[in-house]
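For reference, the structure discussed in these notes is given below.
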Amino acid sequence: MKRMNSDAPKSGAAESVASLGSDQPRREALNERRVWHVYARRKYDEPLHEIGNVVADDVELARVYARSIYDEFPWIEMVLVPRDCIVTVIAP
Amino acid sequence: MVAPALQSEEALLNRIRRQQLIESVEHMSPLYLEGIKRILTVSADTELISAPAYYHAAVHAPTLNAFGSAVAIIQDELGHAHIAYRLLRDLGVDTEQLIFERDPRQFKYPYAFDVPLDSWVELIVANAFYDRAGYVLLSDIYHSTTFGPWKRALVKVDKEETFHLRHGEQWMRRLNATPEGHEQLQRAVDWMFLLTVEWFGLPDDLKKHSEQLEYGFKGHTNDELRQIWMSTAVPLCEELQLKVPAHYDPEQQKYVLDCPFPAHFDAKAKRWLLEEGPCSWDDVLKRWKARGPANEEFVGLIQRGKREMLRLLEQE
Ligand SMILES: [Fe+2]
Ligand SMILES: [Fe+2]
């Protein structure tokens, strides 16, 4: 399969920037689009694993959303990866 | 957006038989996609509406700590709603429209949330009864669903629902220690018990959506889930000497109801009209469809913020 990932065309970075442009209706400004995958781990001997995702058009809000939504464990590490940066090598 | 290429029914069922989870729209048949959207919408709406419904009662918290734990539960519920609507959005659903522009009566959450919780006592009984119902339904989905992204997301949800129902139980035990507290609990249980029994929906012999079982959307039937709920809710009430119209029948090896069911309910008075005898499930469906007293208020609370912000933006 040649695709980058399953949804690059519909939630790519280019689109998320365009949605904030002046030619879009103002109400679109409230509809955040960029998907960020949230990875975290609880223990030092455990690898990071995907625990969920958030939608935010800028990284600072993405950080806040990830922290407040995925607070089920006292994580020792949490990172965000924009979905449109993921390169799929083997698809499920 | 390009319409996703869907699979044939046969390809989908083959995948399920190979015990490979369904990971995205590309793995679904049109029928599976419709079904998973429907069941995810019910779950998302239920999580979402529990926020304003619980907030309505949380303001009666008797201590700061109690208020804090009630608000923490509300925050969890909004997280659960976020997860379910995110999944719907990845399936191509316009969730902004779904959440902010839908008619309140079109929301798919259980009728129980349309009957306002008006006190701290009612809130903690809701934690013990409603969150237990949510826990029973979501654990079942966790164990049986063939939709991978949902299954993985439910680890967090299940953990938090357990905390919610323990919160309800602990507060019930605490309030039950005085005769006045016991009396208040009994009054809440009197209307809330049957509403939760009813929550699990049509009995198996009247139920339509059979693909819910074939596709692994559910592992147990409605009646089985109702039994699972009663198997812990009834002993809790017995422990606290709260009367409920249900008991375990060792001969049938299941819980049986001791009152007319289903029955008519006076939502304003929060009273079951048991003296009128049982009604039909059609009557119940009619009541659910008309929604209850707080439907508009609670959905309005959710939708208000976006409307106000749009008005502001349009004035610029
Ligand atoms: Fe929840
Ligand atoms: Fe809950």
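The values are calculated or read from the model by the stated rules, or taken from the named source; none is laboratory data. Computed from a predicted model, the values in this text were never measured in an experiment. Methodologically, a virtual Cβ is constructed for each residue, glycine included, from the backbone with ideal geometry; neighbour enumeration extends over all protein chains shown.
Summary of values
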{"quantity": "Any pair with Cβ under 7 angstrom, 6 or more apart, that starts in the range B:152-174 at a residue that is closer than 15 Å to B:Ala58 by Cα and ends at one that is polar (S, T, N, Q) and more than 10 Å from ligand 2 (Cβ to nearest atom)", "calculated": "B:His167/B:Ser69"}
{"quantity": "Test set (1) surrounded by fewer than 17 Cβ atoms within 10 Å (Cβ to Cβ); (2) within 14 Å of ligand 1 (Cβ to nearest atom) - B:Arg38 fails condition number", "calculated": "(2)"}
{"quantity": "Qualifying positions in the range B:280-297 - assigned to a helix (DSSP H, G or I) and closer than 30 Å to B:Pro260 by Cα", "calculated": "B:Trp281, B:Asp282, B:Asp283, B:Val284, B:Leu285, B:Lys286, B:Arg287, B:Trp288, B:Lys289, B:Ala290, B:Asn295, B:Glu296"}
{"quantity": "Number of the exception - B:Leu185 against (1) crowded, with 23+ Cβ neighbours inside 10 Å; (2) more than 16 Å from ligand 1 (Cβ to nearest atom); (3) closer than 26 Å to B:Asp282 by Cβ", "calculated": "(3)"}
{"quantity": "B:Leu21 being buried (at least 20 other Cβ atoms within 10 Å of the Cβ) and not basic (Lys, Arg)", "calculated": "no"}
{"quantity": "Some residue of the range B:287-295 being among the aliphatic types (A, V, I, L, M) and closer than 30 Å to A:Asn31 by Cβ", "calculated": "yes"}
{"quantity": "Scope the range B:113-143; condition touching a His at 6+ places or on another chain (Cβ under 8 Å) and more than 12 Å from ligand 2 (Cβ to nearest atom); matching residues", "calculated": "B:Pro116, B:Leu117, B:Asp118, B:Ser119, B:Trp120, B:Ile124, B:Asp140"}
{"quantity": "Residues located in the range B:241-255, provided they are over 24 Å from B:Arg174 (Cα atoms) and surrounded by 14 or more Cβ atoms within 10 Å (Cβ to Cβ)", "calculated": "B:Tyr248, B:Lys254, B:Tyr255"}
{"quantity": "Any hit, the range B:149-160, residues being under 27 Å from B:Cys237 (Cβ atoms), away from ligand 2 (no atom under 16 Å from the Cβ) and surrounded by fewer than 20 Cβ atoms within 10 Å (Cβ to Cβ)", "calculated": "no"}
{"quantity": "Pick from the range B:139-151, criterion more than 14 Å from chain A (Cβ to nearest Cβ) and not acidic (Asp, Glu), ranking: nearest to B:Pro62 (Cα to Cα)", "calculated": "B:Ser139"}
{"quantity": "Any chance B:Leu242 is in contact (Cβ under 8 Å) with a residue 60 or more places away in the chain, farther than 30 Å from B:Glu10 by Cβ and in a loop (DSSP other than H, G, I, E, B)", "calculated": "yes"}
{"quantity": "Unique residue being in contact with a helix residue (DSSP H, G or I) (Cβ under 8 Å, 6 or more places away or on another chain) and at positive phi when the list is B:Gly92, B:Gly79, B:Gly35", "calculated": "B:Gly92"}
{"quantity": "Filter result (within 16 Å of ligand 1 (Cβ to nearest atom), closer than 30 Å to B:Leu175 by Cα and away from every other protein chain (no Cβ under 14 Å)) within the range B:76-121", "calculated": "B:Tyr109, B:Pro110, B:Ala112, B:Phe113, B:Leu117"}
{"quantity": "Yes/no for B:Arg102 being surrounded by 19 or more Cβ atoms within 10 Å (Cβ to Cβ), basic (Lys, Arg) and away from ligand 2 (no atom under 16 Å from the Cβ)", "calculated": "no"}
{"quantity": "Unmet criterion (only one of (1) within 12 Å of ligand 2 (Cβ to nearest atom); (2) in contact (Cβ under 8 Å) with a residue 12 or more places away in the chain; (3) surrounded by fewer than 19 Cβ atoms within 10 Å (Cβ to Cβ); (4) not aliphatic (A, V, I, L, M)) for B:Gly92", "calculated": "(1)"}
{"quantity": "Only listed residue being buried (at least 17 other Cβ atoms within 10 Å of the Cβ), of a type outside the set (A, V, I, L, M, F, W, C) and over 16 Å from B:Ala66 (Cβ atoms), chosen from B:Gly201, B:Gly168", "calculated": "B:Gly201"}
{"quantity": "All positions within the range A:65-86 that are surrounded by 15 or more Cβ atoms within 10 Å (Cβ to Cβ) and assigned to a helix (DSSP H, G or I)", "calculated": "A:Tyr65, A:Ala66, A:Ile69, A:Arg83, A:Asp84"}
{"quantity": "Every residue from the range A:41-57 that is more than 11 Å from chain B (Cβ to nearest Cβ) and either closer than 22 Å to B:Thr162 by Cα or in contact (Cβ under 8 Å) with a residue 24 or more places away in the chain (or both)", "calculated": "A:Arg41, A:Arg42, A:Lys43, A:Tyr44, A:Leu48, A:Ala56, A:Asp57"}
{"quantity": "Every pair of residues 6+ apart whose Cβ atoms lie under 6 Å, when the first sits in the range B:262-281 and is at positive phi while the second is in a loop (DSSP other than H, G, I, E, B)", "calculated": "B:Gly277/B:Pro260"}
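Yes/no matrix, rows are residues, columns are (1) at pLDDT below 95; (2) touching a Leu at 6+ places or on another chain (Cβ under 9 Å); (3) surrounded by fewer than 17 Cβ atoms within 10 Å (Cβ to Cβ):
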| position | (1), (2), (3) |
| --- | --- |
| B:Asp205 | yes, no, yes |
| B:Ser231 | no, no, yes |
| B:Glu239 | no, no, yes |
| B:Asp258 | no, no, yes |
| B:Val284 | no, yes, no |
| B:Glu296 | no, no, yes |
| B:Glu308 | yes, no, yes |
